[in-house]
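Working notes, structure below.
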Amino acid sequence: MLKEVSPYRKQDNLTNQQSHYYKAILQNLFFATLNQEMGKRDFRNSGQNMNVTNLLRYKNYFKEPDLFIQKVEAVVPFMNGGLFECLDRPGVFQGSCHLLLSI
């Protein structure tokens, strides 16, 4: 489903690694799938919807992004109530997205 199957991706042979699995699967599952009504789940448009936190992100990490949406629509319910609310702070991290989970 993901372009890179490994949970880590090496960058320029340095030890700095980022997880595609966390960003593409887990962030999208919690903040854009469980927290979004069925039928309204979609990837945000490139260069738009930058502060919309309930749209799927990292479309370029998927081999077939539309297939991912079809699969989550088929099996993942909508769980409202703020449990999976994204707490991004727009503009703080110069374009990168950091999610905070407060329980």
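Quick notes
- Residue in the range 25-40 that is closer than 22 Å to GLU4 by Cα and not in a helix (DSSP H, G or I) present: no
- For the range 20-30, the criterion of being closer than 18 Å to LYS63 by Cα, polar (S, T, N, Q) and modelled with pLDDT of 90 or more is satisfied by at least one residue.
The values are calculated or read from the model by the stated rules, or taken from the named source; none is laboratory data. Computed from a predicted structure; not experimentally measured.
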